[in-house]
1. So in the range 222-272, with the set limited to residues that are of a type outside the set (A, V, I, L, M, F, W, C) and assigned to a strand (DSSP E or B), which one is farthest from MET415 (Cα to Cα)?
2. Of all residues in the range 298-312 being in contact with a helix residue (DSSP H, G or I) (Cβ under 7 Å, 6 or more places away or on another chain) and at pLDDT below 75, which is most open to solvent (accessible area, probe 1.4 Å)?
3. Answer yes or no as to whether GLY201 is in contact with an Asp or Glu (Cβ under 8 Å, 6 or more places away or on another chain), crowded, with 18+ Cβ neighbours inside 10 Å and closer than 30 Å to PRO383 by Cα.
4. Scanning the range 133-160 for residues that are open to solvent by 40 Å² or more (accessible area, probe 1.4 Å) and charged (D, E, K, R), which turns out modelled with the lowest pLDDT?
5. Scan the range 52-88 for residues that are over 21 Å from LYS3 (Cα atoms), open to solvent by less than 50 Å² (accessible area, probe 1.4 Å) and over 31 Å from the mean Cα position of the chain (by Cα) and jot them down.
6. Given the conditions (1) crowded, with 18+ Cβ neighbours inside 10 Å; (2) farther than 30 Å from LEU186 by Cα, report the number of the one that GLN231 does not fulfil.
7. Of a type in the set (Lys, Arg) and either at pLDDT 95 or above or outside any loop (DSSP other than H, G, I, E, B) (or both) - does that describe any residue in the range 179-195?
8. Only one of these is open to solvent by 60 Å² or more (accessible area, probe 1.4 Å) and without any contact (Cβ under 8 Å) to a residue 60 or more places away in the chain: ARG42, ARG130. Name it.
Amino acid sequence: MVKNYILDTNVLLHDPDSINAFQDNRIYIPLPVLEELDNFKRKPGQLGANCREIIRKLDYLRGKGDILNGVRLENGGLLILKIYRNADLDEIPFLESNLKDNWILFYSLKIQQEFSEYPSVLVTKDINFRVKAEAAGIKSEDYLTDKTNLDIYTGVVDFKLKKEQLNFLSSRKRISPKDIGIDETLLKPNIYLDFGKQNYGRYCDEVNEIKILEKSEEEKVFGISARNREQFFSLDALMDDNIPLVTLVGQAGTGKTLMALAAGLKKVMEDKKYVKLTVSKPIIPMGRDIGFLPGTAEEKIRPWVQPIFDNLEFLLGSKGIKAEEYLNKRNIMEIEVLSFIRGRSIPNHFIIIDEAQNLTPHEVKTIITRVGDKTKIVFTGDPYQIDNPYLDETSNGLMYLASKFYDERLAAHIMLVEGERSELASRGAEIL
């Protein structure tokens, strides 16, 4: 059944391509939404870029027909820019008429009344606005297109083997899944396998083989070693140059950022595999300029990236090196806020995007498409610690990215479950 979908401003800013996400339904953009977009078009960073992109899309569609009466989209949907005179709208008592959100609500109610042959739904990322809409008598829902299932695979599968099968593993570096009775159709590219008794492997689907991983307590990556199996798998993926995309998901204290930095420093400083290590993280709210902070550009971003410097001090300090003094002398590393990466093409870098759970799926796409030749990129984050008010554990860019690439040989995904910072930190993450 065809429906009327009324889009809130934050949906368009969240995903400029959202107008194409509603199949062959009727998509309404109220005039107050355009007024709100006008306030964002000069904003710096990704927010302003998204606003300008959706405005360009609307201008293109305006040139294809009468957008006030409806323009057909490529997927069969009908996009309508809706304008009402104030006298045509029924205002709701006790709602302030000077708020744009309330005018979007008045428009939604009028569309529902005027086109009652179709069910009407207000789509907004604002939880409180959804509650207000339901209270006012109009169905409302979140933007569902880029939500993902939190139960995506953890990156690890347990296959308990018999003693003779384990003995078979110990004598080989690579085996076929059939050699130990595993159906390869159940495996995903770069998924890690736990055979029991600290016997591990990784499935390489391009050759339909399982690479046997040897765990050594003495083996370290830039001075650190794995304390649990997920960390062991993470370091394996981080150090493999044939896996250009790695997503590390886990709560605070599981070692995501530390391991990514250790691998990046080793690859750049010791192995000379990449020319530079680039570390970045989003400033929340996304698109907020750092210009309001005092000092130079480096001084302005320092509060946002201090946790990264803390990890660098730990890693370089273990080698008797003062982190800032060393990094200032050598052009091997750059630490930037995420908005500075947009528009660049970055070849031959080891890139770490920290706190990626605060990115939207559209922002993640923007970053991924900046990756140049011979570059490896690592996304880390905790989907349960989100600062962006319009994202949740199922709609953030980190989980969206992991779910979209879970079946791609270019990527590896690990969900870390054991905290290693301290017993207190691990327990606090669980119960607080």
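The values are calculated or read from the model by the stated rules, or taken from the named source; none is laboratory data. Remember, predicted model here, so these are calculated numbers, not experimental data. Quick reminder, even Gly has a Cβ in these numbers, built from the backbone with ideal geometry, and neighbours come from all protein chains shown. Remember, those area values only see protein heavy atoms, side chains included, never the ligands or the DNA or RNA. Shrake-Rupley method; radii C 1.70, N 1.55, O 1.52, S 1.80 Å.
1. Quick first cut of the range 222-272, residues of a type outside the set (A, V, I, L, M, F, W, C) only: 223, 225, 227-231, 234, 236, 240-242, 244, 247, 250-251, 253-257, 264, 266-267, 270-272.
From what is left, the residues that are assigned to a strand (DSSP E or B) are 247, 250.
Values: THR247: 8, GLY250: 6 Å.
Step by step, filter the range 222-272, then rank; the result is THR247.
2. Filtering first and then ranking leaves LYS300.
3. No; evaluated as a whole, the condition is false for this residue.
4. So, considering only residues that are open to solvent by 40 Å² or more (accessible area, probe 1.4 Å) and charged (D, E, K, R), the one modelled with the lowest pLDDT is ASP151.
5. The answer is GLY65, and nothing else.
6. Of everything listed in (1) crowded, with 18+ Cβ neighbours inside 10 Å; (2) farther than 30 Å from LEU186 by Cα, GLN231 misses just condition (2).
7. For the range 179-195, residues of a type in the set (Lys, Arg) and either at pLDDT 95 or above or outside any loop (DSSP other than H, G, I, E, B) (or both): absent.
8. When all the criteria are applied, what remains is ARG42.
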